Amino acid sequence: MRTVTADDVRFVELDGRVMAALLDGDLTAAEVPLTGYFLTDRARWLWRYRLDQIAADPGNARWMARQAVVDDTLTDGGTVVGHGGFHGPPDESGMVEIGYAIDPAFRRRGYARATLVELLRRAAAEPDVRTVRATISPDNAASLATIAGFGFVEVGEQWDEEDGLELIFERPA
């Protein structure tokens, strides 16, 4: 099995219109073919949460849009293997938090790492972003391994109502 790099994938925006369609069970609203992974309970929770953020502050919609991760080498039309994005706009100190999820059928091939590379690139291109944060369950060995080697430093921990205990990692943008 080959390991994927950031050059092997492209990122397609899933804006509010697409997220709303996904909440309705419509997998056809995006410009790429999405899979049932985008309709799981966890995914629907995320679409609803991001849409609420957009409704509260439409000017920050570009920070809440998710990016579908597409590997064009798998099929002629490309295969969507996951999604990633920011949890919101930079805070007053210039910090953004990243998040990504890879369909279990495509894990352990480098897609999470490729998504992380793209999110770090996007954060670095934003003049208002000074710090990138990742929060990870201490039991999530795969995600901890994904951020290793990217300069993240553990700066604390937090309790997340949705995910439980999380370790907080940060690095300069």
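The values are calculated or read from the model by the stated rules, or taken from the named source; none is laboratory data. On a predicted model such as this, the values are computed, not experimentally measured, just so you know. Every residue, glycine as well, gets a Cβ built from its backbone with ideal geometry; the counts of neighbours run over all protein chains shown. Quick note on the areas: whole protein, heavy atoms, side chains included, nothing else; ligands and nucleic acids left out. Shrake-Rupley method; radii C 1.70, N 1.55, O 1.52, S 1.80 Å.
Summary of computed values
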{"read-out": "FRET efficiency for Ala141 and Ala55, using Cβ-Cβ distance with R0 set to 45 Å, rounded to 0.05", "value": "0.80"}
{"read-out": "Viscosity 0.890 mPa s, 25 °C: Kirkwood-radius Stokes-Einstein D of the chain over Cα pairs, µm²/s", "value": "148 µm²/s"}
{"read-out": "Those GluC sites (Glu not before Pro) in region 132-173 that DSSP places in a loop and that have at most 10 other beta carbons within 10 Å", "value": "Glu161, Glu162"}
{"read-out": "Table column - 3J(HN,Hα) (Hz), region 95-105, Karplus curve with 6.51, -1.76, 1.60, x for Gly and Pro", "value": "9, 10, 10, 9, x, 7, 9, 10, 3, x, 5"}
{"read-out": "Surface accessible to a 1.4 Å probe, Asp41 within the full protein complex, Å²", "value": "130 Å²"}
